[in-house]
1. Rank PRO573, ALA159, ALA456 by how far each Cα sits towards the positive end of the charge dipole of the chain (+1 on Lys, Arg Cβ; -1 on Asp, Glu Cβ) and give me just the farthest.
2. Points 7 angstrom from Cα along the Cβ direction at PHE184 and GLN232: gap in nanometres?
3. What FRET efficiency comes out for LEU163 versus SER622 if R0 is 41 angstrom and r is the Cβ-Cβ distance? Round to the nearest 0.05.
4. Suppose R0 equals 30 Å; then what is the FRET efficiency for ALA551 and ARG123 from their Cβ-Cβ distance, rounded to the nearest 0.05?
5. Between LEU508 and ILE595, what length in nm is gained on full extension when 0.36 nm per residue of separation is reduced by their alpha carbon distance?
6. Grab the Cα-Cα distance for VAL265 and ALA177, subtract it from 0.36 nm times how many residues apart they are, and report the gain in nm with one decimal.
7. About the Cα centre, and with charges only on the beta carbon of Lys, Arg (+1) and Asp, Glu (-1), how big is the dipole of the chain? Nearest 20 debye, please.
8. Using a 10 Å Cβ count of at most 10 others and DSSP loop calls, identify the longest part of the chain lacking such trypsin sites (Lys or Arg not before Pro).
Amino acid sequence: MTPGETAEQLGRDADKESASRAAPADSHAGSSRALALAVLGIVYGDIGTSPLYALRECFVGKHPVAVSPENVLGILSLVFWALVLVISLKYMVFVLRADNRGEGGTFALIALLEPGPGERARRRRLILLGVLGASMLYGGAMITPAISVLSAVEGVRVAAPGLGGWVIPATVAILCALFGVQRFGTAKVGRVFGPLMVAWFLVLAALGIHGIVQAPHVLLALNPAHAVRFFQENGLTGYVALYAVFLATTGGEALYADLGHFGRVPIRRMWFAFVLPALLLNYFGQGAQLLVQPGSGANPFYELAPGWALVPLIALATAATCIASQAVISGAYSLTRQAMQLDLFPRLRVEQTSAQARGQIYVPAVNWLLMAAAIALVLAFQSSGNLASAYGVAVNSAMAITTVLAFTVWRTREHWGWPAAVAFLLGFLAIDLGFLGANLLTVPDGGWLPLVIGAALFALMTTWRRGAQLLAEQVAETAPHMDEFMRRIEAREIPRVPGTAVFFTGRLEQTPPALQQLVRHAGVLHERVILVTVVIEPVPRVPADERMELADLGGGLHRLVLRYGFMQTPNIPSDLANCKDHGLAVDPGEVHYFIGHVDLLARRNRKGMAPWRDRLFIFMASNTQDATAYYHVP
């Protein structure tokens, strides 16, 4: 499929891919139950643990409102309509349709952007906006493990107040263990994810029903009039409380990013049939608890449970938050690989942890960076309440950017009319910006943190992208055209030596510098020379039958173009072995790989980037993964 195909075609392909993913899972497990469990374990871990802290922050957070019947009903009404409008309508109905060959997430959405006549500059601005959104998601990935695990362990203060001093050490220990097992891959630890999350959502629903029975009139909060009245009575204080209400929707971007794992149909089914009812029951149950016992606002979630169930509930909540963190950590790995494939990030070592599932990878550098950041956040903020102030800004910013990018996709790919497209943009952007305004008011309380993280990552990605472009242009200036180089070697009658030489070049018409150096200094050339160009297409995956393009240049030289999707990792030896299907038999034992090296120096007397960006690019380039490892060259 080419980028120019319509969104309708993409949607049909995505449905086919969803079906193809479901079939193996069904045959392996004997029923579709296995797929449903996997969706629960991976997709809904983040949003499923929000009841631990979302409602609590409204009444005891940095900007609390008084615990009164009117305020409780108003907050519950806001939570209900936020879940309905933001998650159920925006993401489930609309955004999940914006897939790139079945894959979702910010980078997949960027790949769907199509420039119209004279709109390339506008597309570049939108891509930069998307990169900013991805940068903010990294900030959320750093905060999620810290706030999730910490909020669960804080239940100890309810069950045994005397053990409150152990909350921070226990949280740090759990985080160390969580990140320490990542190298084994999610395939080994993921078998228990689904059943645990089923138990978690069933417990959420049971606790909620237990609370609602005590105060059934809490269901009056379904009427949006209570939300309107809440703002009328609380004014600015009520508006600021939206930052806490927004915490109930965190996880929307995560489930969109996980679209490629399961397809939109299973994700939608589990949301409407199981996850949404369980979440709403629990939130309304907590609201009923506050109506009956206004003093339970310090931790309404744990106050819902009877005394005998507190310890098991804390254990289950801790397991659920680890699962939620696991999903976010895995998403950060995928996001990093996509960024590398789109030339937005330097090459890092990526380990495949499953022979069956391509999406199960491990990126050591990202893992240890996230662990260090999560532990530092726990030690610095000391409580999930303090972290909540920083959490919303990152996720909320990414959601608002998704709305803008999705609007552009609807206009350019699905050819929506202006009335429908503008209604989508203005309607959901008003909600996103409303929440974002409240979240920005928490900047002094910690909301500055994800903004700093996002800005730093944005600078890194844009600097790497621009620096790589400038470097390629400078190398091209000194490299002769391939036709000219072939005329030179034919005129000189260069001696040939046995074997096959493989050279890498970024441009088809360009002579690899390493090839020039070999001829210049050694004065010989191998009997067979293969010029390899790796192209990363703006699609998640390129099928194997579309991967290779081989051309005979004459004189024993061949040009090989290998195309990969941004969710795939190049493997040059494997693809060289497949050249025999295209008429070129390559013996792996006779292949010699030549990879050039460029020494980089920052200079002030040329056009390009600012000096500080030059130095930043050189630092990243000096710490990038070696090309031999990236291409799996022996």
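The values are calculated or read from the model by the stated rules, or taken from the named source; none is laboratory data. This structure is a prediction, so every number in the text was calculated from the model and none was measured. Backbone-built Cβ (ideal geometry, glycine too); neighbour counts: all protein chains shown. Note: areas computed on protein heavy atoms with side chains; ligands, DNA, RNA excluded. Shrake-Rupley method; radii C 1.70, N 1.55, O 1.52, S 1.80 Å.
1. The Cα lying farthest towards the positive end belongs to ALA456.
2. 5.8 nm
3. It comes to 0.30.
4. That gives a FRET efficiency of 0.45.
5. 29.7 nm
6. 28.3 nm
7. Value, rounded to 20: 640 debye.
8. Longest run free of exposed loop sites: 1-602.
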